[in-house]
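Just passing along the structure, written as structure tokens.
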Amino acid sequence: MDEKIVRPPSPMPRIGDKAPEFRAVTTQGDIHFPNDYRGRWAILFSHPADFTPVCTSEFMTFASREEQYREANCELVGLSVDGLYSHIAWLRTIKEKIEYRGMKDVEVNFPLIEDITMEVAHKYGMIQPGEDSTKAVRAVFFIDPHGIIRTIIYYPLSLGRNFDEIYRVLIALQTADKFSVATPADWNPGDEVIVPPAGSCGVAKDRMENTDEDVHCYDWFFCTKKIGKEEVLDAILKKEEHFH
Ligand code: BEZ
């Protein structure tokens, strides 16, 4: 009698956790994740399947922007529950045949993990059976240079990701680290940032009395300051200042 293997659900990784470790075969050779990426940011993302239209549009978009992520000290790593030869054939098709929204001859140079056993997909909570029990959802994990998960975004199978938002999240995380600030709704480089909350009654009073010209307070607990776009981007995009 055929017995279906029922895998107990793995715990979902959470923001602030160490990124689960794995070794994998990819279109760019073997990788040991996140160890090989120490000192750099990594975006680990999954897609449902090779040779599917939404995924093709996403890969072309991500590959076209790879240099922009590199400048922000960030490497891209893709994954789907397909084998290496399917990955290679699909990426060759993308390069040789697909022209989409002005993108053509697109070479995907970042690694695409083969995960037929779904081992990595399960470790990262990418298989969500209510959506599909064998295809990975569109997950995006932002992992910092110390191997810590800093943001997770999940999309269903039918919804292509917004790559401006993914880049915005990366830059916002790096800005928060670099300047010890938080970023408000819809923040983009050049917009005002949120300064840490007043930690004492004295600081709260000073803030409301507006003793620091750079800081604008909407109330004692909600204060912002301006950091120019160039200052943000210079701090983040300069390669020589990156952590190693
Ligand atoms: C797609 O990438 O087009 C796709 C993949 C799986 C389900 C639905 C759409």
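The values are calculated or read from the model by the stated rules, or taken from the named source; none is laboratory data. Just so we're clear, the structure is a prediction, and the values are computed from it rather than from any experiment. Quick reminder, even Gly has a Cβ in these numbers, built from the backbone with ideal geometry, and neighbours come from all protein chains shown.
For region 52-102, name all the residues that are closer than 15 Å to K135 by Cβ and small (G, A, S).
G78, S80, G83, S86
Kindly establish whether E75 is part of a strand (DSSP E or B) and charged (D, E, K, R).
In short, yes.
Residue by residue, here is whether (1) at pLDDT below 95; (2) among the aromatic types (F, W, Y); (3) over 23 Å from V169 (Cβ atoms) holds:
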position: E3; (1), (2), (3): yes, no, yes
position: P9; (1), (2), (3): yes, no, yes
position: V77; (1), (2), (3): no, no, no
position: G102; (1), (2), (3): no, no, yes
position: E114; (1), (2), (3): no, no, yes
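Any residue in region 52-75 that is more than 16 Å from W90 (Cα to Cα) sitting within a Cβ distance under 8 Å of a residue that is modelled with pLDDT of 95 or more and among the basic types (K, R)? List the pairs, counting only those 6 or more apart or interchain.
N73/R40; C74/R40; E75/R40
When region 48-72 is examined, which residues are found to be more than 9 Å from the ligand (Cβ to nearest atom) and outside any loop (DSSP other than H, G, I, E, B)?
Those that are more than 9 Å from the ligand (Cβ to nearest atom) and outside any loop (DSSP other than H, G, I, E, B): F59, M60, T61, F62, A63, S64, E66, E67, Q68, Y69, R70, E71.
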